[in-house]
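Right, one structure below, let's go through it.
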Amino acid sequence: MSAAVLYMSVSLDGYIADAGDRLGGTDGNRLHHWGLMPDGETFRSGGVAGEMLAEYNATGAVVAGRRTVEIVDHWGGDHHGMPIFVPSHRPAGESAAKHPLVTYVTDGIASAMRQAKEAAGDRDVLVHGAYTGQRAIEAGVLDEVQIHQIPVLLGGGRRLFDTLPSPVELEIVRVIDTPEATHLRYRIRRA
């Protein structure tokens, strides 16, 4: 059975973007460099970084917030060949029309997640974005959270979890510690 998994890189103090709202922090990508090797190569097929990338790429669909997809121009319409579902209160803008794998869903996060799970089949659904993750938790349609906790303090910016309606209990599934990041995977406990 597939799971909806929020994948996010986060500073130790809980930020996904710095005070200037730059994703990844002041150097423009600090939170996303955990897969870099000392020689600058990204995500070798071996080791922890390779395992994380393989897991990430094994997902079957993406649910990402509008802000996230617009910042990255819908990943050029191709997030590793996976269909992209964007829950939004507004219809898609002109830039999305040129991307056939991008679907804007205007009837809520639960509908977007249902469509993504259907498209993913037995593979997991990759979820991106703070607002989208929070709404998916609130709607009860997020199953797991994969955090790449980066050893940096940004001191301000956009937090990953700042507006949850109530406490959420998590169960630790896996912890992998590396010099570049601590990879934490949690399952959301259902009442």
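If each DSSP helix of 4+ residues adds -39,500 (n - 2.57) and the sum is divided by the residues in the chain, what number results at 222 nm, nearest 500 deg cm²/dmol?
-6000 deg cm²/dmol
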Counting Lys and Arg as +1 and Asp and Glu as -1, each charge on the Cβ, what is the dipole of the chain about the Cα centre in debye, to the nearest 20? 440 debye
Can you sort Ile137, Ile71, Ile109 from fewest to most other Cβ atoms within 10 Å of each residue's own Cβ? Ile71, Ile137, Ile109
Given GluC sites (Glu not before Pro), DSSP loops and at most 10 other Cβ atoms within 10 Å, the longest exposed-site-free stretch of the chain is 42-168
Relative contact order for region 4-188: what percent, with Cα pairs under 8 Å and sequence separation of 6 or more? 32 percent
Separation in nanometres of the label points that stand 7 Å from Cα toward Cβ, at Asp13 and Arg190: 3.8 nm
Taking springs between alpha-carbon atoms closer than 10 angstrom, which of Gly140, Gly47, Gly129 fluctuates most in the Gaussian network model of the chain? Gly47
Where the centroid of each part is defined by its Cα atoms, how far is region 103-119 from region 50-72 in Å? 15 Å
Computed about the Cα centre, the charge dipole of region 89-191 from +1 Lys/Arg and -1 Asp/Glu charges at the Cβ has a magnitude in debye, to the nearest 20, of 140 debye
Tell me which of Ala120, Pro91, Ser9 sits at the most positive position along the dipole axis of region 4-188, charges placed on C-beta atoms (Lys, Arg +1; Asp, Glu -1). Pro91
Need one number: % antiparallel among DSSP beta bridges in the chain, to the nearest 5. 45 percent
Could you tell me which of Val175, Ala64, His148 has its Cα farthest along the dipole of the chain towards the positive end, charges placed at Cβ (Lys, Arg +1; Asp, Glu -1), taken about the Cα centre? Ala64
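Computed from the coordinates by the stated procedures, all read-outs in this text should not be read as laboratory data. Values in this document were obtained by computation on a predicted structure and should not be read as measured data. We place every Cβ from the backbone using ideal geometry, glycine too, and count neighbours over all the protein chains shown.
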